[in-house]
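The values are calculated or read from the model by the stated rules, or taken from the named source; none is laboratory data. Predicted model only: the values in this text are computed from it and were never measured. Don't worry about glycine lacking a Cβ; one is built from the backbone with ideal geometry, like all the others, and counts go over all protein chains shown.
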Amino acid sequence: MRLAPIIAAALMAGPAAADTFEEVKITAGQTLFETECRRCHATDAEDPSYGPPLENVVGRAAGSYPDYDYSIALEASGIVWTPAALRAWMEDNAGFMPGTKMRHVGISDRTVQDFILAYLSHISPQDNAEISD
């Protein structure tokens, strides 16, 4: 995947002079989320999706979104979705969590992961100060 067009689009989405690099990462992350994740996950519980919605996913216990039929492996994992856990999931969810029912093509590019993580953190507004990478 070529990041330059996505980053350029993120810069053009708003007044570039006012954008911080973090804002650019979030905007590019949203674009990458739409490309890589949206076909199965929404960010808003009101928006129907195949997988659980990912708003407030950073800091959430894995397998805990109400009324979603998770795999037994994920429900019993005890994992909290930290940035490090989400990165491992994006790269190889079946290797990270054997027995998961999610089908996924790995996102191995760490820069793409960084952008998506910036976006997921942005849409997880609860206080995650105690969550470490």
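Below is a table of values for the structure above.
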{"quantity": "Failed criterion for residue 43 (all others in (1) touching a Pro at 6+ places or on another chain (Cβ under 7 Å); (2) assigned to a helix (DSSP H, G or I) hold)", "calculated": "(2)"}
{"quantity": "Helices (runs of 4 or more DSSP H) lying entirely in the range 46-133 (those with 2 or more residues that are more than 15 Å from the chain's Cα centre (by Cα))", "calculated": "72-75, 83-96"}
{"quantity": "Some residue of the range 91-102 being of a type in the set (Lys, Arg), farther than 21 Å from residue 123 by Cα and touching a helix residue (DSSP H, G or I) at 6+ places or on another chain (Cβ under 9 Å)", "calculated": "yes"}
{"quantity": "Some residue of the range 20-29 being closer than 18 Å to residue 114 by Cβ, in a loop (DSSP other than H, G, I, E, B) and modelled with pLDDT of 85 or more", "calculated": "yes"}
{"quantity": "Conditions (1) at pLDDT 95 or above; (2) within 22 Å of residue 34 (Cβ to Cβ); (3) of a type in the set (Val, Ile, Thr): number failed by residue 80", "calculated": "(2)"}
{"quantity": "Hey, residue 34 surrounded by fewer than 16 Cβ atoms within 10 Å (Cβ to Cβ), within 18 Å of residue 109 (Cβ to Cβ) and modelled with pLDDT of 85 or more or not", "calculated": "yes"}
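The rows are residues; the columns are (1) surrounded by 14 or more Cβ atoms within 10 Å (Cβ to Cβ); (2) in contact (Cβ under 8 Å) with a residue 60 or more places away in the chain.
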| residue | (1), (2) |
| --- | --- |
| 63 | yes, no |
| 69 | no, no |
| 78 | no, no |
| 83 | yes, no |
| 97 | yes, no |
| 103 | no, no |
| 119 | yes, yes |
| 123 | yes, yes |
